[in-house]
Amino acid sequence: MQTVQNIKDGIWNFPCAVNSFLSREETTGAVQVTLDNSDDNNNNAVSENESIDGGGDNDDDITDNGLYEAEAEEPAALGTAMSINSLNLCGENDLLCGSHAIPLALIKEEWQLVLGCEASIPEIEFAIDKCKDLVLRTSTTKTENRNWLVRHLIELRHRLKELQDVDNDPDAVPTGMKVILGHHFVAHKSYPKCKVFCDHCSGIVWNVMQASYRCSDCSFTVHHKCIRNVIRICAHVITAERKLPIECICPEIGLAFQKYTCAECGSQLSCNDSKAIGCFGVELNAEKLISVQPRLCDYSGLYYCTVCHWNDTAVIPARIMNNWDFKPRKVSRASLQQIRLMYHRPVINLEQKNPRLFALVPKLGATKRFRQKLQHMRRYLTVCRIAEELRLVRDTIGNSRHLMQSDDMYSVADLVRIENGTLLIFLHTAYGAFERHIRNCLICSGKAYICEICNNDEIIFPFDDCAVCCNQCSSVTHRQCQLRKNMQCQKCIRLRVREQRMRNDILDAANGN
C-alpha cells in the first residue's frame, strides 16, 4: 500500500511544496506507516501524525498505533521530520489543541508547549511565553519550525482568551469552538436550503439528523464523526503565510513524483481500471483492483482523488496575471478555499508582474488613470471635516478603499471587474461624486492651485486632465505651460537655488568673509 507519510509531513508546509517540487531533482528517503483503519464512516484518513490514547472512561477515545520509521531525511519542502514518538494526547478535546505533530527540533519543548484540555490559565500563559521565546530564537531559515510555533501560539492565545472569559464571568458558557489544524470549528445550527457536503468524506450533511461543524475562517464543513480525522490545514492559515497567490500556471509535477497518491489524503490513484475476466459468459473469480481516477488541480498543479477534488471551477490568478485568461478551470477543494479567501485581497502588483498587459488591454490603462486621480482626491477628502460628516468616502467607495490609496495593487475581484467593465463604471461614478464635493466645498476648494507659469486666474486641481503635479514638491501647473518649460518644475528650481545660496552663506561665514 502506498504510504501517506510524505503528505502528512508536509501538510503544515503545503504552500512551499509546489515550488520545491519544481526545483527538486531527486527524492530520498523511505517511510513505513502502519495504520489501524477502523473508521466506522469508511474514512481511511486519520489525523495528522497523532496517537490518541484510548485509556480512561471516555468511550469516544480512539487508538491510532502508528509507527513511523524514517530511514532517510525527507525533502525539506515537505516539512521537517516529525517526532518518532507519538503525542500522548487524551480524548477528543485534547485533539483540538495538539492535532498537529511537533517538528523534530522542538520535541524537547513538547511538555512545555502541548497542553491538555485540563490546562489552567497559568500553564497556558507559561506555554505562550515559552512559545514566543522560541519564535524569537528560531532562525529565519528554519521556516517549518517557525511556522509551527506561530500557528501553535495562535491556538494557545485562543484557548487563553476562552478561559479568561469564563474566569471573569462564571455564568458564561464556553463558546464550544474547536481548533484543529488552524480551523475554528463552530457548531452549524443553520439549515440551508441547498445541499451541504462534508469536506472530509464528501458525504452529504443532513443537518436535521446529524451534527456538523463549520470553520468560521475558510467555511470548511465537516461531520461530527469526521472532525477528529481532518487532515487539511485551514486555508486561512495558508493564505496568511503565503500572502501571494501561486504565480506559476499549473505547476504540474506528475503522478510519478506524487507516488501515485492523492496530494491531500494519500489514497491510491490509478489511470487504468482493472476489470474481472469473463470466459464463455462466466465471470471468473478474478480480484477487481480498486482504482481512483486522478483529478488535476489547475491552481496547485497537484493530483487529487475524487474525495478531495469535486471538479469545482474557479478563475486562476496566475492565468490572469500572465495571459489575461478568465476562463474558470477545475481546482481542488483546498485550492478553491484559498482562492476564495484571496479573492478580495489587493495583493497583486500587476504592473510589476506583467507590464505588457497595460499596453495590450486598454481597460487597464483607463483604470490606472482613474485610480491616479482618486489618489490625488484622497488628500482633500481625508482632511475635510464636511466630507467626514457626510461619510462621502465610506458611502461611495465602501470596502474598496485600496482603489484610491494606491494605483498599482489589485485583487482578483478587481481584475475580474475590469474585464467585465463594472470597475470602470464604479470608478467613474466615484470620481464624479468626489469632484463635485471638492469643487463646491469651502474647505477643499480653498486648497486649489493657480499656475505660477502663466499666472492665470483659473484654479486647477492635481486631478484635472489639463494639470500636472510635481512628484517632488507637489506643485500643480498647466500641462501646456510645463511643456513650454521643458517639463522642469519652477518651484523645484527655486528651492535648489535657495539651498545653494544658503550653503554658500554658511561657507562664507565659516571662512570669515
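The values are calculated or read from the model by the stated rules, or taken from the named source; none is laboratory data. As the structure is a prediction and not an experimental result, all values here were calculated from the model. Neighbour counts are summed over all protein chains in view; Cβ atoms, including those assigned to glycine, are modelled from backbone coordinates with ideal geometry. Quick note on the areas: whole protein, heavy atoms, side chains included, nothing else; ligands and nucleic acids left out. Shrake-Rupley method; radii C 1.70, N 1.55, O 1.52, S 1.80 Å.
Quick notes on this structure:
- The set of residues from segment 383-439 being assigned to a helix (DSSP H, G or I), in contact (Cβ under 8 Å) with a residue 40 or more places away in the chain and closer than 21 Å to residue 347 by Cβ comprises 402, 412, 413, 414, 415, 416, 418, 419, 423, 427.
- Sole residue being out of contact with any Cys (no Cβ under 9 Å at 6 or more places or on another chain), β-branched (Val, Ile, Thr) and either surrounded by 13 or more Cβ atoms within 10 Å (Cβ to Cβ) or over 17 Å from residue 373 (Cβ atoms) (or both), chosen from 506, 453: 506
- Hits in segment 445-463 - residues which are in contact (Cβ under 8 Å) with a residue 12 or more places away in the chain and in a loop (DSSP other than H, G, I, E, B): 447, 448, 451, 452, 453, 454, 456, 461, 462, 463
- Qualifying positions in segment 464-503 - open to solvent by less than 70 Å² (accessible area, probe 1.4 Å) and part of a loop (DSSP other than H, G, I, E, B): 464, 466, 470, 473, 474, 475, 489
- Restricting segment 397-428 to residues that are closer than 28 Å to residue 328 by Cβ and among the polar types (S, T, N, Q) leaves a set whose member that is least open to solvent (accessible area, probe 1.4 Å) is 411.
- Of all the numbered requirements in (1) surrounded by fewer than 16 Cβ atoms within 10 Å (Cβ to Cβ); (2) modelled with pLDDT under 75; (3) over 26 Å from the mean Cα position of the chain (by Cα), residue 119 misses one, and that requirement is (1).
- So residue 482, is it of a type in the set (S, T, N, Q) and within 43 Å of the chain's Cα centre (by Cα): no
- Residue check for residue 369: out of contact with any strand residue (DSSP E or B) (no Cβ under 7 Å at 6 or more places or on another chain) and surrounded by fewer than 19 Cβ atoms within 10 Å (Cβ to Cβ): yes
- Qualifying residue in segment 386-396 (condition: more than 23 Å from residue 448 (Cα to Cα), within 31 Å of the chain's Cα centre (by Cα) and open to solvent by 60 Å² or more (accessible area, probe 1.4 Å)): yes
- Test: residue in segment 238-252 that is surrounded by fewer than 14 Cβ atoms within 10 Å (Cβ to Cβ) and more than 21 Å from the chain's Cα centre (by Cα): no
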